[in-house]
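Q: First the structure, then my questions, so here it is.
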Amino acid sequence: DILWTCNLAPLLIGIGLLAARPLLAGVGTLWLSFGVPLWLLDLATGGTLAPTSLLTHLGGLAGGLLAVHRLGIPRGAWLFALSGLAILNIVSRAATPPALNVNLAHAVWAGWETHFPSYALYQLLVIGVAAVTFFLAEHLYRHAFARAAVS
């Protein structure tokens, strides 16, 4: 379970803050900007709430926004977030059991199978939505925290 993007994102944010590396903090923040709405959707449709997930998701995103405010977010961070997500998906598929479906690397999200005729189509949709989310969030954060932005 440690390979879940939302578990690794706060780690990237923390390292980015401590090492003053805006790209690391930015990628972690972008991952959570995509992951937190999915987590909330999961909870709203019957998913289980683990108390630690509040800190991981909401605390991580708050820390990420603080990091982006302090360090800025480099242009093109969304591409690194997307590339990192793709690599993490490949690692998750190779290193985790299909039953856990870590990072949705093995199957369509439970309950959504009837909406997608194939896993490949589902993955394309997830990657597309992630790319758009990362791109828009990077630009939103750059605008919102303009004085801290880096080029």
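The values are calculated or read from the model by the stated rules, or taken from the named source; none is laboratory data. Keep in mind the model is a prediction, meaning the values are calculated, not measured. Note that each Cβ is placed from the backbone with ideal geometry, even for glycine, and that neighbours are counted across all protein chains shown. Calculation scope for accessible area: heavy atoms of the full protein, side chains included, ligands and nucleic acids excluded. Shrake-Rupley method; radii C 1.70, N 1.55, O 1.52, S 1.80 Å.
Q: For the chain, what % of the accessible area comes from carbon and sulfur atoms, probe 1.4 Å?
A: About 73 percent, which is the carbon plus sulfur part of the accessible surface.
Q: Could you order I87, I73 by accessible surface area, starting with the largest, using a probe radius of 1.4 Å?
A: Result, largest first: I87, I73.
Q: Also, I was wondering about something else. Grab every C-alpha pair in the chain, bin the distances at 5 angstrom width from 0 up to the longest one, and report whole percents.
A: Here the calculated profile for the chain is 2, 10, 18, 22, 21, 14, 8, 4, 1, 0.
Q: Where a ≥ b ≥ c are the square roots of the eigenvalues of the C-alpha gyration tensor, would you call segment 46-91 rounded, which needs a/c under 1.5, or, failing that, prolate if a/b is larger than b/c, or oblate?
A: Oblate, because a/c is 1.5 or more while a/b does not exceed b/c.
Q: Kindly provide the helix-only [θ] at 222 nm of the chain, computed as the sum of -39,500 (n - 2.57) over DSSP H runs of four or more divided by all residues, to the nearest 500 deg cm²/dmol?
A: -22000 deg cm²/dmol
Q: What's the angle, to the nearest 10 degrees (0 to 90), between helix 77-95's Cα axis and the longest principal axis of the chain?
A: The two axes meet at around 40 degrees.
Q: I'd like the Karplus ³J(HN,Hα) series for segment 14-20: coefficients 6.51, -1.76, 1.60, θ = phi - 60°, whole numbers in Hz, and an x wherever there's a Gly or Pro.
A: x, 5, x, 5, 5, 9, 6
Q: Right, here's the next one. Could you give the size of the charge dipole of the chain about its Cα centre, using +1 on the Cβ of each K and R and -1 on the Cβ of each D and E, expressed in debye and rounded to the nearest 20?
A: For this selection, approximately 540 debye.
Q: While we're looking at this one, here's another question. Solvent-accessible area per residue for segment 17-151 at a 1.4 Å probe radius, Å²?
A: Here the residues of segment 17-151 average 55 Å² of exposed surface.
Q: Can you tell me the orientation of helix 60-71 relative to the chain, as the angle in degrees between its alpha-carbon axis and the longest Cα principal axis, to the nearest 10?
A: 30 degrees
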